[in-house]
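Scroll down for the structure; my scribbles are underneath it.
The values are calculated or read from the model by the stated rules, or taken from the named source; none is laboratory data. Keep in mind that what you see is a predicted model, and the values were worked out from it rather than measured. Note: ideal-geometry Cβ built from the backbone for every residue, glycine included; neighbour counts use all protein chains shown. In case anyone asks, the SASA skips ligands and DNA or RNA and just uses the protein heavy atoms, side chains included. Shrake-Rupley method; radii C 1.70, N 1.55, O 1.52, S 1.80 Å.
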Amino acid sequence: MSPAPMLDVRDLVIRYRAGLFAPRPKPAVNGASFRLEKGETLGIVGESGSGKTSLLRAILRLLPVESGTVRLDGQDWLALQGDALRGARQKIGVVSQNPFLSLSPRLTIAEIVAEPLLAAGARQGPALREKIAALVADCGLTADFLDRRAREISGGQAQRVAIARALALEPGLLILDEPTSALDVSVQAQILNLLADLKESRGLSMLFVTHNLKVVAHISDTLLVMRRGDVIEFGRTEAVIAAPAEAYTRDLLSFGRKAAAG
Amino acid sequence: MPLLDISDLCVRIPTPEGEVHAVRAVSLRIERGEIHGVIGESGCGKTMTGMATLGLAPKGARIEAARFHFDGADLREQAKALRGKRIGMIAQDPAAALNPVLSIARQMDDVIRAHRTLPREARRREAADLLAATGLPDPGRVLKSYPHQLSGGMQQRVVIAQALATGADFLIADEPTTALDVSVGAQVLALLRKLVAERGLTVLMITHDMDVIAEACDRATVLYAGRSVETGPVEAVLQKPGHPYTRALLAALPDAAPHGARLAAIEGSIPPPRTRIAGCAFAPRCPKAMPVCAAEPPPERARDRHTWLCHLPEDAA
Ligand SMILES: Nc1ncnc2c1ncn2[C@@H]1O[C@H](COP(=O)(O)OP(=O)(O)O)[C@@H](O)[C@H]1O
Ligand SMILES: Nc1ncnc2c1ncn2[C@@H]1O[C@H](COP(=O)(O)OP(=O)(O)O)[C@@H](O)[C@H]1O
Ligand code: SF4
Ligand SMILES: [Mg+2]
Ligand SMILES: [Mg+2]
């Protein structure tokens, strides 16, 4: 038997509550089904309003679902409650688009990366300090960054810190919401390389959301395209790229190819 | 004669910590009817070049140039007079460019009234015509709307219609699609191309996105650390780049490498704008750097109308 997938989502429906007398709104996510195998990266693309963030928030249990199932590492993820849920949530690390908004500007990098560890009950001391230094080093930053403050570093460095913090509790699944959209291409390349290294060295599974189909086509093993709440494509990345089933996906892929194709 | 003719533009901005060299030596020659892309990483001086051309450089900024001309007029004296008449601006965030508490009808009318003497009914027709020219399907309904009732793509079309209403024939578009979805951004770029073809507009397109250059521009200029380092027809710049920086930028794109392979990241970062630079600004990061590179300003290399600044001889590029 093959090992349980990291994430197995079936017929997921998410609907926001309307006002008391307002008509029932359309679902934000309309019956999504997909799997993420362990050690793989699933790319999610779609225009704004297509339901990407709602999907991530539901997987993080920050949003109730109307129907459907989510299994995380074989576990019935939607059934977990209270302390069991809080503990299990550590299996998921999160990195968001704007690193500066998610890092407190006045804290040092060491304090930022320590936050989740302290919240999970770790004690201050040399062991903690060592662990933080190792995390920061794994994310490509030298030890002299530990005492700098978030407001003194560049966007690419801030995103490395955000990744280090997301990995602090050694999650098996990393959720990244537009992690390179605010970065220059040279820095984007550095971060994509870093993610590939971490996937390899830590056996991480990743959910990578972006509006940039070329970025996700490069780093993902499987690809999911959303439109207005519907999953319009899901499959191995090479297969989707080679033969997109939907005109929408073809348009996204062809953007910027005019001059490049000569 | 190029419509916009800039040679060695330099913009220094006073700050409490000393002078910031926001633009060091930018040259831009833009012919009528062309969409000219200006590309480079953040902080390389794209926006400040556009702002100086619009007469909107910060207070106290020192602007120097060997040439800084628009249609024969010296921009050092005339930029403010030309803005809103011949030179229009399309910014990244259309929501910020529109007034949230006024209807689109009112905002279009304000612009039309400032530039033309027309009776009220004719102004209303003109507003509807301009909105239709930007591809908005139901101009009457858009006129009755407020900005928040329109999508980002529709708002950007209204901003373009306002620029057309001023009668401007030269538009400076600073990252006009960055805040939009890819498919919506592609439609806005197609609209700009159509307006250039139909109305003889000329566009300076500022972007950090090579796909936008490939999709929309005729010629492109690459900026690095406040200098224009390469310029030429888009096909030449993208397919046979001469400058090692342009080549590095293109190689860093995710579609430049096979699926899953490591990307060719550019190590290091741009020099801070207060640094003094004697030779080539890219030397600390350049895989081809030679001793002369850091010491002396690089000479111009050329292949037809495609030029770049580099110590490497043309055949080694
Ligand atoms: N808090 C909310 N309340 C009501 N509707 C929402 C809320 N958040 C998102 N939506 C709606 O759900 C749909 C999907 O939104 P979202 O998941 O944010 O998409 P994306 O992340 O792809 O841009 C949209 O129609 C959006 O308007
Ligand atoms: N108002 C300002 N005061 C001081 N420095 C500025 C100001 N505006 C821009 N700069 C600096 O000038 C350089 C060029 O900025 P900008 O033209 O905005 O770059 P780009 O648009 O290419 O990202 C940057 O180093 C930036 O920090
Ligand atoms: S002048 Fe020298 S350092 Fe600069 S781009 Fe050319 S080879 Fe590289
Ligand atoms: Mg979102
Ligand atoms: Mg800018």
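Inspect all residues belonging to segment B:35-42 and state whether any of them is free of Cβ contacts under 8 Å to residues at least 24 places away in the same chain and either buried (at least 16 other Cβ atoms within 10 Å of the Cβ) or out of contact with any Gly (no Cβ under 8 Å at 6 or more places or on another chain) (or both). Spell out the reasoning first.
Of segment B:35-42, the ones free of Cβ contacts under 8 Å to residues at least 24 places away in the same chain are none.
Among the residues of segment B:35-42, not one is free of Cβ contacts under 8 Å to residues at least 24 places away in the same chain and either buried (at least 16 other Cβ atoms within 10 Å of the Cβ) or out of contact with any Gly (no Cβ under 8 Å at 6 or more places or on another chain) (or both), which makes the answer no.
One line per residue, one yes/no per condition, for (1) among the small types (G, A, S); (2) away from ligand 5 (no atom under 14 Å from the Cβ):
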{"site": "B:M1", "(1), (2)": "no, yes"}
{"site": "B:T15", "(1), (2)": "no, yes"}
{"site": "B:E19", "(1), (2)": "no, yes"}
{"site": "B:R29", "(1), (2)": "no, yes"}
{"site": "B:M51", "(1), (2)": "no, no"}
{"site": "B:A57", "(1), (2)": "yes, no"}
{"site": "B:E64", "(1), (2)": "no, yes"}
Worksheet entry | Sole exception among (1) under 22 Å from B:A256 (Cβ atoms); (2) open to solvent by 10 Å² or more (accessible area, probe 1.4 Å); (3) part of a helix (DSSP H, G or I) for A:A182, by number | (3)
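If you check B:I13 against the conditions, is it over 19 Å from B:H208 (Cα atoms), assigned to a strand (DSSP E or B) and open to solvent by less than 50 Å² (accessible area, probe 1.4 Å)? Can you show your working first?
Values: over 19 Å from B:H208 (Cα atoms): yes; assigned to a strand (DSSP E or B): yes; open to solvent by less than 50 Å² (accessible area, probe 1.4 Å): yes.
Judged against the criteria, B:I13 is a match.
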Practice prompt. Write out, first by first residue and then by second, each pair whose Cβ atoms fall under 7 Å of each other, whose residues are 6+ apart or on separate chains, and whose first residue, in segment B:56-81, is within 25 Å of B:G18 (Cβ to Cβ) while the second is in a loop (DSSP other than H, G, I, E, B).
Written response: B:I63/B:A57
Worksheet item: Would it be correct to say that A:T69 is touching a residue at least 60 places away in the same chain (Cβ under 8 Å) and within 14 Å of chain B (Cβ to nearest Cβ)?
Response: no
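When you scan segment A:49-62, do you find a residue that is away from ligand 4 (no atom under 16 Å from the Cβ) and open to solvent by 10 Å² or more (accessible area, probe 1.4 Å), even just one?
Pass one, segment A:49-62, residues away from ligand 4 (no atom under 16 Å from the Cβ): A:61.
Pick out the ones that are also open to solvent by 10 Å² or more (accessible area, probe 1.4 Å) and you get A:61.
Yes; the residues of segment A:49-62 include at least one that is away from ligand 4 (no atom under 16 Å from the Cβ) and open to solvent by 10 Å² or more (accessible area, probe 1.4 Å).
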Worksheet item: When segment A:91-110 is examined, which residues are found to be in contact with a strand residue (DSSP E or B) (Cβ under 9 Å, 6 or more places away or on another chain) and open to solvent by 60 Å² or more (accessible area, probe 1.4 Å)?
Response: A:K91, A:V94, A:Q97, A:P105, A:R106
Worksheet item: Among the helices (runs of 4 or more DSSP H) confined wholly to segment A:36-110, which include 1 or more residues that are more than 25 Å from A:A196 (Cα to Cα)?
Response: A:52-59, A:82-88
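B:R199: buried (at least 20 other Cβ atoms within 10 Å of the Cβ), more than 8 Å from chain A (Cβ to nearest Cβ) and more than 16 Å from ligand 5 (Cβ to nearest atom), yes or no? Lay out the reasoning, then the answer.
Values: buried (at least 20 other Cβ atoms within 10 Å of the Cβ): no; more than 8 Å from chain A (Cβ to nearest Cβ): yes; more than 16 Å from ligand 5 (Cβ to nearest atom): yes.
So B:R199 does not fit the description; no.
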Worksheet item: What do you reckon, is B:H311 crowded, with 18+ Cβ neighbours inside 10 Å, farther than 30 Å from B:G185 by Cβ and within 9 Å of ligand 3 (Cβ to nearest atom)?
Response: yes
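When you go through A:G87, A:G39, A:G46, A:G19 one by one, which is the residue that is at pLDDT below 95 and either within 16 Å of ligand 2 (Cβ to nearest atom) or within 14 Å of chain B (Cβ to nearest Cβ) (or both)?
Details: A:G87 fails: either within 16 Å of ligand 2 (Cβ to nearest atom) or within 14 Å of chain B (Cβ to nearest Cβ) (or both); A:G39 fails: at pLDDT below 95; A:G19 fails: either within 16 Å of ligand 2 (Cβ to nearest atom) or within 14 Å of chain B (Cβ to nearest Cβ) (or both).
Criteria check complete, one pass: A:G46.
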Discussion item. I'm trying to understand the selection: among the residues of segment A:117-153, which are touching a residue at least 12 places away in the same chain (Cβ under 8 Å) and open to solvent by 30 Å² or more (accessible area, probe 1.4 Å)?
Written reply: A:A120, A:R129, A:K131, A:A133, A:D138, A:G140, A:D147, A:R148, A:R149, A:R151
Item to complete: Any residue in segment A:47-65 that's outside the structural domain of A:I175 (by TED's automatic domain parsing) and acidic (D, E): show its pairings with residues that are in a loop (DSSP other than H, G, I, E, B) and more than 16 Å from ligand 5 (Cβ to nearest atom) at Cβ separation under 7 Å, as long as the two are six or more apart or on different chains.
Response: none
Worksheet, complete the sentence: Counting only residues in segment B:209-230 that are away from ligand 2 (no atom under 16 Å from the Cβ) and in contact (Cβ under 8 Å) with a residue 60 or more places away in the chain, the one farthest from B:V188 (Cα to Cα) is identified as B:R219
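Among the helices (runs of 4 or more DSSP H) lying completely within segment A:198-262, list those that include at least 3 residues that are facing chain B (nearest Cβ under 10 Å) and not small (G, A, S).
Details: elements: A:213-219, A:237-242, A:247-254, A:257-261.
Fully inside segment A:198-262 and qualifying: A:213-219, A:237-242, A:247-254.
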